[in-house]
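One structure below.
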Amino acid sequence: MGVKIPTKLFRTAALAAASAAALAVSVPASATALVRDGFAFVEVADAKIVVFRPDVHVGSMSAGGLDQPNAEWTEAARANIQAALVDAMNQQNAEVEFLDELEGENAETLNAYRALFEAVVQSIAVHSQSAERLPSKGEEREAGPGRSARRSGVQLDWTLGEGASQLRDATGADYAMMIFTHDSYGDDGRKAAQVAGMLGCIIGACVIIQAGVHVGYAGLVDLRTGNIVWFNTDPSIGGDPRDPEGAVERVQKLLEDFPQPVPATELALAQ
Amino acid sequence: MRVFIAAATLALASLSAAPAHAGWRLIDDNEAVSVAKGKIEVTPGEEWNRWTYRPVGRSEVWTLDGVSLNELYFVSRLQDGKTIFTDANRKERPLPTFSASMLLTDIPDFYESSSRLALNTSVFEITGIEASSLAGHNAVRFTFEYAVEGSPLRRKGLAVASIFDEELHLISFTAPELFYFDRDLPKVERIIASATLD
């Protein structure tokens with residue numbers, strides 16, 4: 001007996017009005033990319049990276065926080081981000097293949113892993129911030145003078161599971177680059193509420209209302225193991241992906257600190 | 001700056017009520033620990049993280065990788081008239097309350113209706129119900145599958161519940177169907193099997 005999920009997936013916003021569907025957590029003003037312990041540049045020399053169609057969602061947000069998907073904006077943003085991604089990844093020193101979709105059963109597999117990727121990178125984004133750190137993900141530090149044993153930092157040890165190797169079988173790639181972005185722009189009602197909230201600050205009844213929601217995550221998945229070997233997000237992510245220049249800015253932010261593969265010839269010389 | 005993500009688990013659905021200073025603590029893996037300020041002790045066996053925030057009075061949330069990937073939820077000594085999850089949206093979607101007159105066979109329906117409302121989802125199905133035991137008491141064990149609006153991810157869950165002294169005691173586990181549920185289920189089964197009355 002299985003759950004039937006509607007074929008038309010309505011992606012309301014990540015910030016859903018229905019209260020229960022919303023989570024807001026503070027993140028630091030800046031973030032740095034995380035790299036899996038033991039992941040070395042040498043591993044990606046001569047590697048093939050498959051870049052799947054980015055998972056892009058754009059909508060508008062009402063004064064009440066209800067996020068309405070906008071198909072036209074989403075289509076434009078997806079095309080712009082994809083074009084910027086192709087340009088950016090083609091500059092990487094690795095064999096890169098771009099794939100929108102896979103065929104047949106492989107298409108279902110890719111959709112399932114896209115959904116899991118979203119959940120995993122959201123967990124990484126939330127739990128890599130100091131207030132939400134999971135101690136089990138920290139590195140062990142022995143007790144020292146005036147200091148008890150504790151865990152600190154965040155180790156990137158999240159995974160999609162070894163079943164992700166099905167995507168390796170389907171594509172012949174060693175790694176998959178996956179990107180998820182969600183933007184929700186405040187509509188006129190929300191902007192009015194934002195202005196009213198700011199005016200309220202003058203009389204001491206201040207209600208801070210954000211104009212919208214903008215999140216983006218990029219991850220490199222080792223398709224032999226399913227492990228996330230590199231992850232990046234930027235809480236102050238910029239760029240309006242609805243226009244091409246904004247999409248370039250967005251992609252540049254997401255690919256900042258992307259590990260640079262080392263050509264085999266350089267490796268041989270180094271050794 | 002803030003990050004917003006869809007709440008796909010019961011802990012996330014209760015976060016709007018969580019104080020900003022809530023955080024996570026590591027649980028000793030091989031020592032029996034009392035959970036949810038109640039009568040039940042379990043032995044973790046793994047390094048789980050415990051949330052310092054309690055969604056309802058006597059409850060506790062554990063996770064390994066983040067609650068959207070593996071969420072272990074304990075409720076202990078839930079009394080008549082109380083909800084099993086945070087009643088975060090009680091004006092529009094009030095959660096059902098536990099009744100001391102409920103039978104074990106009523107609990108799967110109670111859990112399902114509570115989950116549907118807390119997660120605001122219509123995609124929730126109980127996939128199995130059987131008699132079981134929890135900390136030496138008769139219990140009902142049930143499995144379920146669900147998804148939330150805005151996410152195509154299929155999720156699975158398992159819960160074991162018992163009623164004694166007219167109070168509800170429950171342990172539930174939810175995780176994505178793909179990889180995480182099957183990987184972590186044996187760990188959860190060991191925790192449920194380790195439950196004793198303290």
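Laid out as a table, the results:
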item	result
Relative contact order [Cα under 8 Å, 6+ residues apart], the range B:66-172, whole percent	28 percent
Hz values of 3J(HN,Hα) by residue in the range A:158-166 - Karplus curve (6.51, -1.76, 1.60), Gly and Pro given as x	6, 8, 9, x, 5, x, 5, 5, 4
Where labels lie 7 Å past Cα in the beta-carbon direction, separation of B:Leu103 and B:Asp28 in nm	4.3 nm
For residues of A:153-161, the mean tally of beta carbons on other chains within 10 Å	2
Partner chain coverage, peptide B:57-65 - average Cβ within 10 angstrom	2
Partner chain coverage, peptide B:91-98 - average Cβ within 10 angstrom	1
FRET efficiency estimate (nearest 0.05) - Cβ-Cβ, B:Arg93 to A:Glu72, R0 41 angstrom	0.85
Residue pairs, from the table B:Lys91/B:Lys156; B:Lys39/B:Lys156; A:Lys48/A:Lys137; B:Lys37/B:Lys187; B:Lys156/B:Lys187, whose Cα atoms sit over 25 Å apart	B:Lys91/B:Lys156; B:Lys39/B:Lys156; A:Lys48/A:Lys137
Residue-wise HN-Hα coupling along the range A:115-131, computed from phi with Karplus coefficients 6.51, -1.76, 1.60 (Hz; x: Gly, Pro)	5, 5, 4, 4, 5, 5, 6, 5, 5, 4, 4, 5, 8, 9, 8, 4, 5
Rounded to whole Å, sorted largest first: equivalent-ellipsoid semi-axes of the range B:25-106, Cα gyration tensor	26, 16, 10
Over the range B:57-196, equivalent-ellipsoid semi-axes from the Cα gyration tensor in Å	22, 20, 13
Cβ crowding within 10 Å averaged over residues, with A:85-92, B:64-71 ranked highest first	B:64-71, A:85-92
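Bear in mind these aren't lab numbers, they're just calculated from the coordinates by the rules spelled out. On a predicted model such as this, the values are computed, not experimentally measured, just so you know. Virtual Cβ from ideal backbone geometry, glycine too; neighbours counted across all protein chains shown.
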